[in-house]
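What follows is a single structure, written as structure tokens, with notes after it.
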Number of protein chains: 2
Amino acid sequence: MKNKRMFWNIVEKIETLIDSGAYPPGSRLPPERELAETYLVSRPTIREAIIALEVRQRVEVKTSSGVYVLEMKGAKQDSRPCSAFELTQARALVEGEAAALAAVTITEAELAKLKLTLEAMQKGINADQADREFHIIISNATRNNAVVLAVENLWKLRDTRDEIKNAYKNVCSQSDSDRLDEHTRIYNALKNKDSQAARSAMHHHFNRLINALFAVSEAKALEEVKRKSNETRGLYSLNHLVN
Amino acid sequence: MKNKRMFWNIVEKIETLIDSGAYPPGSRLPPERELAETYLVSRPTIREAIIALEVRQRVEVKTSSGVYVLEMKGAKQDSRPCSAFELTQARALVEGEAAALAAVTITEAELAKLKLTLEAMQKGINADQADREFHIIISNATRNNAVVLAVENLWKLRDTRDEIKNAYKNVCSQSDSDRLDEHTRIYNALKNKDSQAARSAMHHHFNRLINALFAVSEAKALEEVKRKSNETRGLYSLNHLVN
DNA sequence: TGGTGCAAATTGGCAAAACCAATTAATATA
DNA sequence: TATATTAATTGGTTTTGCCAATTTGCACCA
């Protein structure tokens, strides 16, 4: 993709240099003219790149003095490490309560929409999409936007952290029938306006998920041990000597 | 402050025009040359402004075609209306579960820190700060970063929406002793590692808050009715005729 | 010797002109 | 009428030039 405009490449390169520590925070970048020379582009192009970096809050340009790199605090958001287990536990708590709330506020229309997701999941097409819709509908049924926000943020966490995404992918696809059963049980509790049952069913749902995650995690750990063992075996093997 | 560079002014003007609907989403901005003429600046300056808008995801520039304004969905996050009641209910649910979790994972050190906040609150200095610390410590005690995140996001919601901030301000300051009692009760439950009691105490805490919010809300509604009534009375009054 | 002030070099800000490449619109032709 | 060709539009980039603010260094003076 060379369709990108020239200055985006410069932005990328300079940003890489900043991240690599070549231009530590507080330091001054080389003058525009010099950058233009080193990157074999004209000065306006360099200026455009610098402006892009400035808008992104990566650098600060002081007229007649130079452009200075400033440390980014935006990355602080990402820096809260969070495992799939933690996320699932949190979802169990939050969505469990959401279900309990929704049991007394959910409408017939929302129940119908829930039923549609169950049918979609049964057919197996877009099961993950149906899963998401199921949980979103319930959070919306609470009539509490703060709850909706909390639930959404946990979904966002799942979407943004690759490690979590992979962990879920391994688990979700392997036990669709379990998931469908659990969703159905949650649906029935909501239909019966039974808060306790709804909460319990939601907890059950996530509990199974956590156990599945554990199982996968264990399996992976075992595999890792095996692999390392094999490496070691290879290291000390005398197979190449005997024949 | 005319220290700003020329293109920032252009960015500001164009952004205003976009927000005002003069350039609706999907529409095309005038060509660079034309903009340069109308704003009495050179083309590079216009280009810089457009690049700034592009980095901000306000416009999209298609080579040899034009620059098109695209709708911003970043502001949609903020625009989820959410009342103080909703927030408080959500906090009750989430923090209630957090407390229940924390009851089994909290350390002696954290209990000690909690005690400090109680003492600070008793002295009355920085009571709101102590309040915040109290809740944060508990969420951290869950050893679950996803839970911490959920709690943090609800605090953020409180901080960002002025309407909510004001509602809380009216309530918090008027019943410090209640708040201290409730915090103490939560603390004791955590100290006893009693999940049920911790959840219950947290719920009780927020329940009082909701009731207080309702009371204030009612009072304000009454006041409003009175004010309008007075206005009307003024409108139809004959006081100026009789004497 | 040390401090002060002025001047030159550095550096970013902006403008103008010119050319290119891609897209789009208009037009002419089959 | 449909299609192909052409011309105009539009953003992309470079080059050049000058300006203003800042920084730097050196000379001069105390």
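The values are calculated or read from the model by the stated rules, or taken from the named source; none is laboratory data. Note that the coordinates shown come from a computational prediction; the quantities given were computed from them, not determined experimentally. When we count neighbours, we look across all protein chains shown, and the Cβ atoms used for this are built from the backbone with ideal geometry, even at glycine. The protein model used for the area step is the full one, side chains on, heavy atoms only, and it has no ligands, DNA or RNA in it. Shrake-Rupley method; radii C 1.70, N 1.55, O 1.52, S 1.80 Å.
A few points about this structure:
- Peptide packing for B:88-98, A:126-136 was compared via the average number of neighbouring C-beta atoms within 10 Å per residue; ordered from the highest value, the list is B:88-98, A:126-136.
- FRET efficiency estimate (nearest 0.05) - Cβ-Cβ, A:ILE136 to B:LYS193, R0 41 angstrom: 0.70
- The apolar share of the surface of the protein assembly as shown, taken as the fraction of accessible area on carbon and sulfur atoms (1.4 Å probe, ligands and nucleic acids excluded), comes to 53 percent.
- Chain B - accessible surface per residue (Å², probe 1.4 Å): 57
- Signed unit charges on C-beta, dipole axis of chain A, positive-most listed residue A:LEU118, A:HIS205, A:ILE50: A:ILE50
- Kirkwood Rh and Cα Rg combined as Rg/Rh, segment B:182-231: 1.39
- Taken as Cα centroids, segment A:108-176 and segment B:152-200 sit 30 Å apart, rounded to the nearest whole angstrom.
- Derived value for segment A:6-75: Kirkwood hydrodynamic radius 11.9 Å. Basis is the mean of 1/r over every pair of different alpha-carbon atoms.
- Cα gyration tensor, segment A:110-170 - rounded (a/c under 1.5), prolate or oblate: oblate
- Nearest 10 degrees, 0 to 90: helix B:127-141 Cα axis against chain B principal axis: 90
- Using R0 = 56 Å, the C-beta based FRET efficiency linking B:SER177 and A:GLU224 works out to 0.50.
- Percent of Cα pairs exceeding the 19 Å cut-off, where the set is segment B:80-218: 47
- Intensity falloff of chain B expressed as log10 I(q)/I(0), Debye formula with alpha-carbon point scatterers, at q = 0.13, 0.14, 0.17 Å⁻¹: -0.84, -0.88, -1.10
- Per-residue mean of foreign Cβ neighbours for A:41-49 is 2 (Cβ atoms of other chains, 10 Å radius).
- The simple Förster model, with R0 at 30 Å and r as the Cβ-Cβ distance, assigns B:GLN57 and A:LEU17 a FRET efficiency of 0.80.
- Debye intensity ratio I(q)/I(0), log10, the protein assembly as shown, q values 0.06, 0.08, 0.10, 0.13 Å⁻¹ (C-alpha model): -0.44, -0.75, -1.04, -1.23
- Spacing of the modelled spin labels on A:THR160 and B:LYS113, each 7 Å from Cα toward Cβ, amounts to 2.3 nm.
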